[in-house]
Amino acid sequence: MCTRGVFQLRKLSLYFCDFGGSSEGVRNALVSSKLKEFMNENPQIDFNFILKRNHHPFVTGAFINGYLKDIPLRSV
């Protein structure tokens, strides 16, 4: 995600529920080592993990040009 040496993604916010079944994968990912490795490999991205009860999980990405992208997370 780099254009001419400039990283486009600035902030990644992950919204999840602490007891809902649809957020189970997100909760498992939060304690996994893969997420920690990804965060260490990408220090230019500001990661936020936000507890939002009674809602399905989703990710919001904020880009350098001010564009916001919401992506709902689905179980596979």
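Rule-based calculations on the coordinates, nothing more; no lab input. The structure presented is a predicted model; accordingly, all values stated were derived computationally and were not measured. Virtual Cβ from ideal backbone geometry, glycine too; neighbours counted across all protein chains shown.
Scoring GLY61 on the criteria (1) more than 10 Å from the chain's Cα centre (by Cα); (2) surrounded by 10 or more Cβ atoms within 10 Å (Cβ to Cβ) leaves a single failure, condition (1). Go through the range 1-57 and report how many residues are in contact (Cβ under 8 Å) with a residue 12 or more places away in the chain, among the charged types (D, E, K, R) and surrounded by fewer than 11 Cβ atoms within 10 Å (Cβ to Cβ). Count: 2.
Using the structure shown, decide if ARG27 is basic (Lys, Arg), over 17 Å from GLN8 (Cβ atoms), within 14 Å of the chain's Cα centre (by Cα) and in a loop (DSSP other than H, G, I, E, B). Please lay out each step first, then the result.
On the way: basic (Lys, Arg): yes; over 17 Å from GLN8 (Cβ atoms): yes; within 14 Å of the chain's Cα centre (by Cα): yes; in a loop (DSSP other than H, G, I, E, B): no.
It is false that ARG27 is basic (Lys, Arg), over 17 Å from GLN8 (Cβ atoms), within 14 Å of the chain's Cα centre (by Cα) and in a loop (DSSP other than H, G, I, E, B).
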